[in-house]
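Below is one structure, written out as structure tokens, with a few remarks after it.
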Amino acid sequence: MSEPARHPEVSPSASDVRLVIAASSAGTVFEWYDFFIYGTLAAIIGKTFFPAGSETLQLLLVWAGFAVGFGFRPLGAVLFGYLGDRLGRKYTFLVTVTLMGIATAGVGLIPSAESIGMAAPLLVLLLRVLQGLALGGEYGGAAIYVSEHSPANRRGFYTSFIQASVVGGFVLSLIVVLLCKGLMEAETWAAWGWRVPFLISLLLLAISLWMRLKLSESPVFRAMQEEGELAGNPFVESFTYPGNKKRIFIALFGIAAGLTVIWYTATFSARTFLLSAMRVEETTADLIVGAGAAVGMVFYLIFGHLSDRIGRKKPIVIGYALTLLLLVPTFWVMGAHANPGLAAAAQRAPIVVSGPDCDFDPFRSEQASECGKLLADLTSVGVSYSLQQNSALQLRIGDQTADLESYPWTDKSARTKQIQTWLGDAGYDLAKVTPAAGDIAVIMACLLVLMALSGATYGPVAALLAEMFPARIRYSSMSIPYHIGTGYFGGFLPLIAGAIVAKTGNPYAGLSYTLAVVSLAFVVALWGLKGGPPREYGDDAA
């Protein structure tokens, strides 16, 4: 297993750099748009394809479908990593972007569950599998392609455009949804208009293919072809190449797992928090989160550029440490300003449920015990509560004890109305709100803090991963741990965090998952990553 000590020195022209970055970044934006549009439209997808007796269960089923796509990303990384190391970087990510565009458009064409029954969710899950496979090959191809066209002293900055493009896909999904909703009547949007953002992926696919067909193969891959240095079996070599097991371990647990939970917490979790727990009006929440993410993309470029000067390790490790310190306080501040009236009501009249058999299973459409039903009703309304053990079932809202003798236990709709009445009497305003301008400014500041934390840990990563692994197996070696980490630790975050929130009644409890994963990543990165200036694989990068 020979490995050239150095890669060909890359001195691209300014126009070549612009084309490589633009084509690779645009394709990454479009591919992540395709993947994120599902999460952006989670509520309407749940009603259309995953109808359930419980809104909480319905949303969790949607997030389970979201996680399925992520779950297949590692398999895509193995498949397309093999092809990328054997056949080339360029043609492999042409295949991945094509597969993604077709699968995304397919979701927009599936009839509803009301029309075709269980076939609808099964078809959605099948297309999510195809999306996951495609995404497993896309990131590695784009990141490696840019890194192998980059001069060593600019690699962090140039590849940070790929990292920022992931955010760009999320922002584009919000923009397209808001534009479509704004141009349609509400009835049209609910009936079929929501399908348009999925079908737009065909247009984005055409643009992406047009741009990427202009590209030439990576100079590093061409050099390996000419020298006969291509790997025979990149997947096997990824685990047998000297020292690669350690590098894969560090890439998985010290890099991919940590950066991805911070990123999803800064975007999807923040959006879900504003929409559900804080009851912010949907369009307002999307505009705030979209604007925060769009402005926050600059942090990815800043930290990518900074890593060229101070090394890759420092921004990542410092970003992890600051996340552990700032994440929960940032969400507290955001919650206090997103819906001050609701926050004040929760302090003035806290909700306490006490009783026997108070076990709430968010994955059941109907709970077995009366206490479980009460917890499910509170969760569906979207208010926080605390739980205590007691011999008799009791619901206290502030200093008032609810009359559960007359509670309509057998009628879920009537129960919801009764809960809303009790909460209204206690001063809870459950209407959707639009925060005041000053509060929006504070929320934006909080989102930018989260995006800065994500930028610090994500911006330098494409360059770091490319530098960690030998060129002959680079596509496979960086894609496999990256997509296991992002696919399982990050892709399951909305589902796991949502289940924790539903189970505990605490809208901040889901952050514990992020904190646990980041703690692990901090320890592994601190131990495993080499400090100092950026270094090539041949300089013992990891």
Which residue out of Gly485, Gly498 is more than 30 Å from Ile310 (Cβ to Cβ) and either of a type in the set (A, V, I, L, M, F, W, C) or assigned by TED's automatic domain parsing to the domain that holds Trp263 (or both)? Gly498
Taking the criterion of being among the aliphatic types (A, V, I, L, M), surrounded by 24 or more Cβ atoms within 10 Å (Cβ to Cβ) and modelled with pLDDT of 90 or more, would at least one residue in segment 436-445 satisfy it? yes
Show the residue pairs meeting these rules: Cβ distance below 9 Å; 6+ apart or different chains; first residue within segment 28-46 and within 14 Å of Ala105 (Cα to Cα); second residue of a type in the set (D, E, K, R) and modelled with pLDDT under 80. Glu31/Glu138; Trp32/Glu138
Filter result (under 17 Å from Ala349 (Cβ atoms) and surrounded by 11 or more Cβ atoms within 10 Å (Cβ to Cβ)) within segment 391-403: Gln394, Leu395, Arg396, Ile397, Gly398, Gln400, Thr401, Ala402
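Which helices (runs of 4 or more DSSP H) sit wholly inside segment 64-117 and have at least 3 residues that are within 25 Å of Trp210 (Cβ to Cβ) and in contact (Cβ under 8 Å) with a residue 24 or more places away in the chain?
On the way: elements: 73-86, 89-107, 113-116.
The helices (runs of 4 or more DSSP H) meeting that bar are 73-86, 89-107.
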Within segment 89-111, which residues are buried (at least 21 other Cβ atoms within 10 Å of the Cβ) and at pLDDT below 75? Arg89, Phe93
Given Leu306, Leu387, which one is outside the structural domain of Ile255 (by TED's automatic domain parsing) and at negative phi? Leu387
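So which of Val220, Val166 is under 22 Å from Leu275 (Cβ atoms) and at pLDDT below 85?
Just one listed residue meets the conditions, Val166.
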Of the conditions (1) surrounded by fewer than 18 Cβ atoms within 10 Å (Cβ to Cβ); (2) part of a helix (DSSP H, G or I); (3) touching a residue at least 24 places away in the same chain (Cβ under 8 Å), Val236 satisfies every one except a single condition; which number is it? (3)
Say whether the condition of being assigned to a helix (DSSP H, G or I), polar (S, T, N, Q) and either touching a strand residue (DSSP E or B) at 6+ places or on another chain (Cβ under 8 Å) or buried (at least 21 other Cβ atoms within 10 Å of the Cβ) (or both) is met by at least one residue in segment 121-138. yes
Checking Tyr38 against (1) within 19 Å of Met478 (Cα to Cα); (2) crowded, with 20+ Cβ neighbours inside 10 Å; (3) of a type outside the set (A, V, I, L, M, F, W, C); (4) at pLDDT 75 or above, which test does it fail? (1)
A careful count of residues in segment 129-146 that are modelled with pLDDT of 80 or more and under 10 Å from Arg73 (Cα atoms) gives 6
Residue by residue through segment 362-373, note down the ones that are in contact with a Leu (Cβ under 9 Å, 6 or more places away or on another chain) and in contact (Cβ under 8 Å) with a residue 40 or more places away in the chain. Pro362, Phe363, Arg364, Ser365
Just checking, which of Ile480, Ile500 is in a helix (DSSP H, G or I) and without any contact (Cβ under 8 Å) to a residue 24 or more places away in the chain? Ile500
Name the one entry in Ala441, Ala525 that is in the same structural domain as Pro74 (by TED's automatic domain parsing) and touching a Lys or Arg at 6+ places or on another chain (Cβ under 8 Å). Ala525
Gly319 surrounded by 17 or more Cβ atoms within 10 Å (Cβ to Cβ), in a helix (DSSP H, G or I) and touching a residue at least 24 places away in the same chain (Cβ under 8 Å): yes
Condition (residue is in a helix (DSSP H, G or I), in the same structural domain as Tyr508 (by TED's automatic domain parsing), touching a residue at least 24 places away in the same chain (Cβ under 8 Å) and within 18 Å of the chain's Cα centre (by Cα)) applied to segment 332-347: is it met by at least one residue? no
Could you identify the single residue in Gly258, Gly243, Gly254 that is at positive phi and at pLDDT 75 or above? Gly243
Mind listing just one residue for me: the one in segment 186-217 that is among the polar types (S, T, N, Q) and modelled with pLDDT of 85 or more and, of those, surrounded by the most Cβ atoms within 10 Å (Cβ to Cβ)? Ser201
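The values are calculated or read from the model by the stated rules, or taken from the named source; none is laboratory data. As the structure is a computational prediction, the values presented were derived from the model and not from experiment. No Cβ is skipped: glycine too gets one built from the backbone with ideal geometry, and neighbour counts run over all protein chains shown.
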